[in-house]
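The values are calculated or read from the model by the stated rules, or taken from the named source; none is laboratory data. Because the structure is predicted, anything quoted here is derived from the model rather than measured. Please note: Cβ atoms are built from the backbone with ideal geometry, for glycine as well, and neighbour counts cover all protein chains shown.
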Amino acid sequence: MTMTTTTIDDTDHQTGGVNEPGTPNPEVLERSAGRRQFSAKYKAKILAEYDALPRSARGAMLRREGLYSSLMTTWRRQRDEGAREALARPAGRQKADPRDREITSLKREVDRLESELDKSRRVIEIQGKLSALLETLASNSTAESSEK
């Protein structure tokens, strides 16, 4: 929670005195309880600005931004590690993961086996119908031969 004070007049209500216009407000504002998070763009901008400044002006810039010099060291190391990682990566397409190749081949195998199973089911269905037809023909022919 951030507390802000709005002064309509220069009267200090607690002491009954009058603040001079050039005197800074000594009240320390409350800061947030969480840690600050900085975007990569902000870090790069601040690092570039920090590195461009002479040594004598760097402290003023850090105070203005509310940062510590240790952050500059950390951010610089992160930047350098990121650049090294990017340069170490081989050019071109990344190699395919062997698990992805295996998954693809297994999916093809499943599709092939499903189509074979479908064919087998149709053959069995046709054989059943053929068997029923032959039985009917056989029973009809025995019935005809017994009639003769």
Say whether the condition of being out of contact with any Pro (no Cβ under 9 Å at 6 or more places or on another chain) and closer than 30 Å to R31 by Cα is met by at least one residue in segment 78-92. yes
Run P21 past the list (1) modelled with pLDDT under 65; (2) loosely packed, with under 10 Cβ neighbours inside 10 Å and report the number of the one that doesn't hold. (1)
List the residue pairs whose Cβ atoms are under 8 Å apart, where the first residue sits in segment 74-89 and is at pLDDT 85 or above, the second is in a helix (DSSP H, G or I), and the two are 6 or more positions apart or on different chains. W75/K43; W75/I46; W75/L47; R76/L47; Q78/K43; R79/K43; R79/A44; R79/L47
